[in-house]
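Everything below concerns the one structure shown next.
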Amino acid sequence: MEPALVRSTQPLCLPILIATAVVLLLHTSLHAETPGEEYQLAIDLLSRQGPRFQAEDLVERIAVKLEASGSVVTRLEAKLVRAALLRSKARAAGDEKRGDLLSQARKLYTEFLAEGPNHPLAGLCRTEAAGMEREVARALLAAAEKDPAKAAEKRKEAAEILAKIAADAKAEAERLRPALAEAFRKYDAYVEQHPDARVPQELIAACRRALAAFVPADKKQVLARMEEAEAYAAADAQRKAKAADVAAYCKAQMEWELYFHAGLEPIGMWFGFAKGRAHALALEDKQAEECWHEALELVDEYADPQVQKEAKEIKLLVGREFVKLKLRQAANDSKRYAEAAEVVDFLEKQYADLAEKDLGKDLLIDGATARRRSRASPRPRRPTSRRPSRSCAR
């Protein structure tokens, strides 16, 4: 009986034990000299929020004690804690209330930076504020779906927020581009002057560092620009125009001779995937499929194993977008459900760990939906053969 008793009471006691420990630690942590410790404690607690552990009450306690401090630095940290608390509440709120909670959090970030631009946590505040802007935009878009009367207004506001995010991301990528071009210029110059010599490690390392800095930033700005385009309604000319700009940029990146160096094929492949996605956003389905097929051909079975590994992840991205496109098309042609299901079935065979990936889980859900709707769709009747009439038989 004793083991059963322990098993039955442990889940109920654990949250209480955690909460008690946190309360006992509050006094010590609130007198720590390092700014940000209380904020990090609040974030850790909010990550545990659930039915059995109400972290928000504890985080409220942290904020109150910080606000009661005589230190300006500590009182400003309380604004970060309250902003994190508001964002946590927003995730569980309805669309209408979510926007209000996020607006309150945005106000706290603004106040923090106005009052303490040189605060030790000012950099963290700017990062959190930038990340929250995307949450605000998504809340506006969700509200637009449920309020047709204000949809255009909310979409416009969301697009303006996302446009700023995209512009900042683009500026950062362009800031890093010259270093990448210069690193490969030196690499190519050495290879041309010393065709039979081994390339010095410092030149290779410089190329790798520049790639590691530029490529993620460049992908980030492309995705941000697509998110901006997607904020507009499907029939809006702005959506098509912005998607066309992204497609043109991706085409230029695919043709950039720098990415023709051996081992960099997956980068061009990724931009092929992104170019196709931009066409899909503009409802240019034929061009989208052509781009994806072109991208998949950039890496063959004879490529370096590491290149094939990177390419395999991009193929999964392409597969996900292809399924999304087919599901959208199925609204007008139910046969597309079967095509979407076939793609998911194929990917399940290619990726043994599909169910372990976030993208794979989405694909499996879409595949199940497609199969169910495909079975439920009315099937076309086969033409019935008629016996010839007597007059025809004669």
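The values are calculated or read from the model by the stated rules, or taken from the named source; none is laboratory data. Treat the numbers as computed from the prediction; the structure is a model and nothing was measured. Cβ sites come from the backbone with ideal geometry, for glycine too, and all protein chains shown count toward neighbours.
Conditions (1) more than 17 Å from LEU298 (Cα to Cα); (2) hydrophobic (A, V, I, L, M, F, W, C); (3) over 19 Å from the mean Cα position of the chain (by Cα); (4) not assigned by TED's automatic domain parsing to the domain that holds VAL136, marked per residue:
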residue: ASP236; (1), (2), (3), (4): yes, no, yes, yes
residue: ALA243; (1), (2), (3), (4): yes, yes, no, yes
residue: GLU257; (1), (2), (3), (4): no, no, yes, yes
residue: ILE267; (1), (2), (3), (4): no, yes, no, yes
residue: LYS275; (1), (2), (3), (4): no, no, no, yes
residue: LEU281; (1), (2), (3), (4): yes, yes, no, yes
residue: ASP285; (1), (2), (3), (4): yes, no, yes, yes
- Message: Looking at the stretch 225-280 only, could you name the residues that are surrounded by 21 or more Cβ atoms within 10 Å (Cβ to Cβ), touching a Leu at 6+ places or on another chain (Cβ under 7 Å) and assigned to a loop (DSSP other than H, G, I, E, B)?
- Response: ALA231
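From GLU297, GLU301, GLU290, grab the single residue that is surrounded by fewer than 17 Cβ atoms within 10 Å (Cβ to Cβ) and modelled with pLDDT of 95 or more. If you could, list the steps in order and put the result at the bottom.
On the way: GLU297 fails: modelled with pLDDT of 95 or more; GLU301 fails: modelled with pLDDT of 95 or more.
Matching residue, one of GLU297, GLU301, GLU290: GLU290.
Going through LYS170, LYS164 one at a time, which residue ends up being basic (Lys, Arg), buried (at least 18 other Cβ atoms within 10 Å of the Cβ) and not assigned by TED's automatic domain parsing to the domain that holds GLU38?
Values: LYS164 fails: buried (at least 18 other Cβ atoms within 10 Å of the Cβ).
Result of the check over LYS170, LYS164: LYS170.
Name the residues in the stretch 51-90 that are in contact with a helix residue (DSSP H, G or I) (Cβ under 7 Å, 6 or more places away or on another chain) and either of a type in the set (S, T, N, Q) or part of a strand (DSSP E or B) (or both), would you?
Answer for the stretch 51-90, where residues must be in contact with a helix residue (DSSP H, G or I) (Cβ under 7 Å, 6 or more places away or on another chain) and either of a type in the set (S, T, N, Q) or part of a strand (DSSP E or B) (or both): PHE53, SER69, THR74, SER88.
Taking the options ALA114, ALA139, name whichever one is in a helix (DSSP H, G or I) and under 22 Å from the mean Cα position of the chain (by Cα). Walk me through how you get there before you give the answer.
On the way: ALA114 fails: under 22 Å from the mean Cα position of the chain (by Cα).
On inspection, the qualifying residue turns out to be ALA139.
Taking the residues in the stretch 335-370 that are of a type outside the set (A, V, I, L, M) and touching a Lys or Arg at 6+ places or on another chain (Cβ under 7 Å) as candidates, determine which candidate is nearest to GLU310 (Cα to Cα).
Residues of the stretch 335-370 that are of a type outside the set (A, V, I, L, M), as a first pass: 335-337, 339, 342, 345-346, 348-351, 353, 356-358, 360-362, 366-367, 369.
Then keep just the ones that are touching a Lys or Arg at 6+ places or on another chain (Cβ under 7 Å); that gives 336-337, 339, 362.
Numbers: ARG336: 29, TYR337: 29, GLU339: 26, ASP362: 20 Å.
Only one residue fits best here, namely ASP362.
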- Query: Of the residues ALA32, ALA105, ALA21, which is surrounded by 15 or more Cβ atoms within 10 Å (Cβ to Cβ) and either over 23 Å from ALA142 (Cβ atoms) or at pLDDT 90 or above (or both)?
  - Reply: ALA105
- Query: Within the stretch 135-156, is even one residue surrounded by fewer than 18 Cβ atoms within 10 Å (Cβ to Cβ) and under 30 Å from VAL73 (Cβ atoms)?
  - Reply: no
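Taking ALA370, is it surrounded by 11 or more Cβ atoms within 10 Å (Cβ to Cβ) and under 20 Å from GLU294 (Cα atoms)? It would help to see each step written out before you state the result.
On the way: surrounded by 11 or more Cβ atoms within 10 Å (Cβ to Cβ): yes; under 20 Å from GLU294 (Cα atoms): no.
Spelling it out, it is not the case that ALA370 is surrounded by 11 or more Cβ atoms within 10 Å (Cβ to Cβ) and under 20 Å from GLU294 (Cα atoms).
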- Message: Return the residues of the stretch 312-347 that are farther than 25 Å from GLY268 by Cα and either free of Cβ contacts under 8 Å to residues at least 12 places away in the same chain or of a type in the set (D, E, K, R) (or both); say none if nothing qualifies.
- Response: ARG328, ALA331, ASN332, ASP333, LYS335, ARG336, GLU339, GLU342, ASP345
